[in-house]
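Asker: Sharing a structure, written as structure tokens. Questions coming.
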Amino acid sequence: MTDPAWLTLREAAAAVRDRRLSSRELTEAVLARARRLNPRLNAVISFDDEDALAAADRADATAPSGPLHGVPLAHKDMFHRAGKVVTCGSALRRGFRPPDAAHVLDRLAGAGAFPWGALHMVEFAFGVTGHNAAFGPARNPHDPSRITGGSSSGSGAAVAAGLSFASLGSDTGGSVRLPSHFCGVTGLKTSFGLVSRAGAMPLSASLDTIGALARDAADLRLLLPLIAGADPRDPATGAPWRKDARAAKEMTIGVADAFYVEDLHPAVARACDAAIETFRALGVRVRTVRLPDQRAFSAAAVTILGSEAAALHRNGLRDHADLYGPQTRARLLNGFAYPAALYVDALRARGPGLAAQIEAMDACDAILAPTAPFPAPAIAETDVATGAEALIADVSRFMRPVNYLGLPALALPAGASDAGLPVGVQLMGRPGRDDALLTLGEAFQAATDHHLRRPRDPT
Amino acid sequence: MPDPRESFDVSPEAARAMAALSGVTLGDGEARRAALAAVSAAVGTAALRDGLTLDDAAAGFDVLRAALGGSER
């Protein structure tokens with residue numbers, strides 16, 4: 001049998017359900033691999049071996065109770081686990097033990113899954129590279145001298161390296177999609193309001209979304225409907241997962257004529273061109289579109305994010321500024337200089353902005369664009385201490401319009417650089433039409449093998 | 001075309017004063033960085049609010065390039 005750690009989420013769940021593999025065997029395999037590789041990757045913040053193995057034994061002793069019965073998973077360390085330390089990637093939270101579990105973890109538990117630990121993240125999810133002053137940087141499984149992307153840095157590294165079959169993350173400004181791009185995994189940033197954020201660390205109430213990273217789009221289709229839908233504890237939620245019965249060949253993809261095509265690394269440009277041709281060959285209609293000025297959307301997103309994050313961290317920065325890392329602190333402090341009127345303007349412009357974007361999309365189900373402009377840079381060259389602010393900003397150049405407008409976006413592995421570093425594309429969809437993106441993603445991955453490329457295991 | 005400079009003080013001193021209202025102290029570098037980030041945000045938001053392109057909104061805004069290249073966008 002394949003190393004259990006490399007099973008897809010679907011395969012792992014089926015193996016336990018059909019009793020071809022016990023939950024204990026699966027959990028032990030994952031824990032052993034994570035223990036072995038974590039010194040190299042720094043993807044894990046905490047291990048819960050004892051609780052995980054006890055949960056596995058309970059699963060093995062009972063009849064299958066849900067679609068993820070007996071499957072161990074690990075998630076970004078920002079989702080509350082009752083009684084467990086949840087660091088949010090911060091030295092400030094080293095003693096934080098929430099009394100209740102996050103809604104999404106309750107939903108996954110209801111489906112039969114259980115956590116085996118908690119994964120690395122950028123401090124308070126406010127950063128795009130995977131640096132962390134308190135825990136050290138997460139390292140890219142394809143080249144440990146390179147960034148994972150963030151802020152769901154451990155989720156990207158863990159899924160890519162076979163430490164978790166899938167992993168929950170959050171995306172406020174690219175935090176699911178960037179690790180997906182740099183680590184070569186598949187990630188969905190969900191539509192705003194589709195998944196409850198109750199019990200998840202907040203960063204920006206107007207922009208925060210919960211998403212997931214997995215080995216392929218089919219695994220995301222298994223996982224995400226399990227956690228989507230209304231939750232009274234998060235008033236932004238309401239709509240359930242909306243199934244789209246169409247085939248990919250009945251859909252249309254748009255390609256922007258500006259912004260998303262500027263200053264691309266050759267490997268990224270090649271990946272975009274090849275992806276367009278793949279979709280054409282699959283029978284998907286492709287057309288060029290002229291979108292509203294995406295830079296203005298980005299600026300408005302930064303205004304909202306900066307203002308809301310500064311408000312959340314006002315007391316922390318006032319009383320414990322020394323416990324924040326330099327990159328996070330510097331970015332948070334910017335938010336105090338945005339006038340309230342500017343923040344309100346940015347919020348008010350969102351509705352008209354969304355209307356303009358949808359009108360420009362015309363009949364397109366998704367816009368295809370690069371996820372990031374280049375493959376993973378080195379950890380050293382993206383450390384804020386080295387004055388790399390412009391490069392750090394460039395990492396998230398293609399992220400923020402989606403967050404500002406509340407759209408779903410699917411990040412797909414789509415190629416590699418000459419040095420073997422993954423690069424990807426994103427499909428930016430219509431609000432609430434997350435399922436259509438997964439249909440396109442599954443079709444793409446049935447025709448390509450980028451998502452199957454694994455990092456080399458250390459000897 | 002509105003010019004954000006007419007209604008928006010982008011100086012580091014202004015940034016420092018605004019942060020102080022929240023009880024947060026900004027050093028010299030932090031205040032300059034925050035001011036530049038605010039310029040970028042003001043231009044982008046002005047473009048959205050007034051239906052302009054970002055380039056139009058930024059015309060004549062001589063610190064925009066530094067703001068966009070300096071910290072956030």
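Asker: For A:Leu368, indicate whether it is more than 7 Å from every other protein chain (Cβ to nearest Cβ) and not in a helix (DSSP H, G or I).
Answerer: Yes.
Asker: Restricted to the stretch B:32-45, and to residues that are of a type in the set (A, V, I, L, M, F, W, C) and facing another protein chain (nearest Cβ under 8 Å), which residue is nearest to A:Pro401 (Cα to Cα)?
Answerer: B:Ala41
Asker: Now for a separate question. Which of the residues belonging to the stretch B:46-69 are modelled with pLDDT under 50, surrounded by 23 or more Cβ atoms within 10 Å (Cβ to Cβ) and within 9 Å of chain A (Cβ to nearest Cβ)?
Answerer: Result: B:Leu68, single match.
Asker: What helices (runs of 4 or more DSSP H), lying completely within the stretch A:214-323, carry at least 2 residues that are modelled with pLDDT of 95 or more, closer than 25 Å to A:Asp365 by Cβ and touching a strand residue (DSSP E or B) at 6+ places or on another chain (Cβ under 7 Å)?
Answerer: Correct list: A:217-227, A:266-281.
Okay, residues lined up against (1) free of Cβ contacts under 8 Å to residues at least 24 places away in the same chain; (2) on the phi < 0 side of the Ramachandran plot; (3) not aliphatic (A, V, I, L, M):
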residue: A:Ala247; (1), (2), (3): no, yes, no
residue: A:Ile253; (1), (2), (3): no, yes, no
residue: A:Asp273; (1), (2), (3): yes, yes, yes
residue: A:Thr278; (1), (2), (3): no, yes, yes
residue: A:Ala281; (1), (2), (3): no, yes, no
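Asker: Taking the stated definitions as given, is A:Gln327 closer than 30 Å to A:Glu250 by Cβ, of a type in the set (S, T, N, Q) and within 13 Å of chain B (Cβ to nearest Cβ)?
Answerer: No; evaluated as a whole, the condition is false for this residue.
Asker: Cβ contacts < 8 Å: first residue under 13 Å from A:Ser167 (Cβ atoms), restricted to the stretch A:30-46; second residue surrounded by 22 or more Cβ atoms within 10 Å (Cβ to Cβ) and β-branched (Val, Ile, Thr), any location; separation 6+ or different chain. Result?
Answerer: A:Ala34/A:Val44; A:Ala43/A:Thr148; A:Ile45/A:Thr87
Asker: Could you check the stretch A:423-444 and list, in sequence order, the residues that are assigned to a helix (DSSP H, G or I) and not β-branched (Val, Ile, Thr)?
Answerer: Selection gives A:Asp434, A:Asp435, A:Ala436, A:Leu437, A:Leu438, A:Leu440, A:Gly441, A:Glu442, A:Ala443, A:Phe444.
Asker: How about the stretch A:4-19: which of its residues are surrounded by fewer than 19 Cβ atoms within 10 Å (Cβ to Cβ), assigned to a loop (DSSP other than H, G, I, E, B) and touching a residue at least 12 places away in the same chain (Cβ under 8 Å)?
Answerer: A:Thr8
Asker: Applying the selection to the stretch B:20-31, what residues are polar (S, T, N, Q) and more than 7 Å from chain A (Cβ to nearest Cβ)?
Answerer: Within the stretch B:20-31, B:Thr25 is the sole residue that qualifies.
Asker: Here's another thing I want to ask about it. A:Ala376 versus (1) part of a loop (DSSP other than H, G, I, E, B); (2) hydrophobic (A, V, I, L, M, F, W, C); (3) within 14 Å of another protein chain (Cβ to nearest Cβ): which is the lone unmet condition?
Answerer: If we test A:Ala376 against (1) part of a loop (DSSP other than H, G, I, E, B); (2) hydrophobic (A, V, I, L, M, F, W, C); (3) within 14 Å of another protein chain (Cβ to nearest Cβ), just (3) comes out false.
Asker: Follow-up. Just to be sure I understand, how many residues within the stretch A:165-203 are within 15 Å of A:Met121 (Cα to Cα) and not aliphatic (A, V, I, L, M)?
Answerer: 14
Asker: Next question, about the same structure. Kindly provide the set of residues from the stretch A:20-51 that are assigned to a helix (DSSP H, G or I) and of a type in the set (D, E, K, R), ordered by number.
Answerer: The answer is A:Arg24, A:Glu25, A:Glu28, A:Arg33, A:Arg35, A:Arg36, A:Arg40, A:Asp49, A:Glu50, A:Asp51.
Asker: Kindly evaluate A:Thr190 against the criterion of being under 25 Å from A:Ala82 (Cβ atoms), of a type outside the set (D, E, K, R) and in contact (Cβ under 8 Å) with a residue 24 or more places away in the chain.
Answerer: yes
Asker: Could I ask something else about it? State all residues of the stretch A:117-176 that are in contact with a helix residue (DSSP H, G or I) (Cβ under 6 Å, 6 or more places away or on another chain) and among the acidic types (Asp, Glu); if no residue qualifies, say none.
Answerer: Once the filter is applied, which keeps residues that are in contact with a helix residue (DSSP H, G or I) (Cβ under 6 Å, 6 or more places away or on another chain) and among the acidic types (Asp, Glu), the stretch A:117-176 yields only A:Glu123.
Asker: If a residue must be of a type in the set (Lys, Arg) and either surrounded by fewer than 16 Cβ atoms within 10 Å (Cβ to Cβ) or within 22 Å of A:Ala138 (Cβ to Cβ) (or both), how many such residues does the stretch A:349-399 contain?
Answerer: 1
Asker: Still on this structure: Sort out which residues of the stretch A:221-243 are buried (at least 18 other Cβ atoms within 10 Å of the Cβ) and not hydrophobic (A, V, I, L, M, F, W, C), and write them in order of number.
Answerer: Within the stretch A:221-243, A:Arg221, A:Pro225, A:Asp231, A:Asp234, A:Thr237 qualify.
Asker: Continuing with the same structure: Would you point out which residue out of A:Gly117, A:Gly187, A:Gly169, A:Gly127 is crowded, with 24+ Cβ neighbours inside 10 Å and modelled with pLDDT under 95?
Answerer: Going through A:Gly117, A:Gly187, A:Gly169, A:Gly127 in turn, just one is crowded, with 24+ Cβ neighbours inside 10 Å and modelled with pLDDT under 95: A:Gly127.
The values are calculated or read from the model by the stated rules, or taken from the named source; none is laboratory data. A quick note: this is a predicted structure, and the numbers were derived from the prediction, not measured. A quick note on method: Cβ atoms are made from the backbone with ideal geometry, for glycine too, and the neighbour counts reach across all protein chains shown.
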